[in-house]
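The structure under discussion appears below in the form of structure tokens.
Values quoted throughout were computed directly from the atomic coordinates according to the rules given, and no laboratory measurement underlies them. No experiment lies behind these values; they were computed from the predicted model shown. Every residue, glycine among them, receives a Cβ derived from its backbone with ideal geometry; neighbour counts consider all protein chains shown.
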Amino acid sequence: GAVIVAIIASTLRGTDKANRITEVRQHGGFATSILGRMIRNSVSIQFCQNNVISVLNPDGGTTTFSCEVMGGVATIASDSGTVKTRFFPLTIEVLNCSLSCLPLTPVVGSPRQINISFTAQSIADRQVSIPFQTSIESRNY
């Protein structure tokens, strides 16, 4: 009886870990995808320093992305003027977040490279930690 209970407990722990890995991977991929698409399709990059990037959207609005703490948990946030939204649920913490642009000062007629890197980590299981990194070149400059 005790062996069966141990096997079931071990299987459930394995399932929980697999679910956490899936959750962290999905949210990290989603954040990278949305950031990439919005930055790539922006009219221009308005501001880029100190882990904050503001872009002018095709609809004339501005969206600001930032690495910050919301609700006591580090995340990547998006602010479009009316509502600040976190890219990750409170079950996932963002570590080593970096949002940067090269060159630091825009050069007329040259695209900018936007670098995004962070590690998404499950708060319930700190061993579930996945790094994400991407570089986007601005289309409009």
ask   = In degrees, nearest 10, range 0 to 90: what is the angle between the Cα axis of helix 2-40 and the longest Cα principal axis of the chain?
value = 10
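Restricting to Cα pairs below 8 Å that are 6+ residues apart, what does the relative contact order work out to for the range 9-74? Please round to a whole percent.
Numbers: 50 pairs, mean separation 11.3, N = 66.
Over the range 9-74, the number comes to 17 percent.
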ask   = For GLU137 and THR22, FRET efficiency with R0 = 35 Å and r from the beta-carbon atoms, rounded to 0.05?
value = 0.70
ask   = What nm value, rounded to one decimal, do you get for the distance between SER80 and LEU56 when each label is placed 7 Å out toward the C-beta?
value = 1.9
message = Here are labelled values, (1) -0.34, -0.89, -1.29; (2) -0.27, -1.03, -1.57; (3) -0.24, -0.97, -1.80, and one is the computed log10 I(q)/I(0) by the Debye sum over Cα atoms at q = 0.09, 0.17, 0.22 Å⁻¹ for what I pasted. Which one?
response = (1)
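Would you work out the relative contact order for the chain, in percent, from Cα pairs under 8 angstrom that are 6 or more residues apart?
Computed over the chain, the figure is 23 percent.
List the trypsin sites (Lys or Arg not before Pro) within the range 40-141 that fall in a DSSP loop (any state other than H, G, I, E or B) and whose Cβ has at most 14 other Cβ atoms within 10 Å. Walk me through the numbers on the way to the answer.
Numbers: sites: ARG40, LYS84, ARG86, ARG112, ARG126, ARG139; in loops: ARG112, ARG126, ARG139.
Those that pass, being in a loop and sparsely packed, are ARG126, ARG139.
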ask   = In debye, nearest 20: dipole of the chain around its Cα centre with unit charges on the Cβ of K, R (+) and D, E (-)?
value = 200
task = Rounded to the nearest 500, what is the 222 nm mean residue ellipticity of the chain from helices alone, with -39500 (n - 2.57) per DSSP H run of 4+ residues and division by all residues?
result = -10000 deg cm²/dmol
key: Spatial separation of Cα centroids for the range 99-141 and the range 14-74, in angstrom   = 9
ask   = Using a simple spin-label model with points 7 Å from Cα along the Cα→Cβ vector, what separation in nm is obtained for ILE130 and VAL107?
value = 3.6
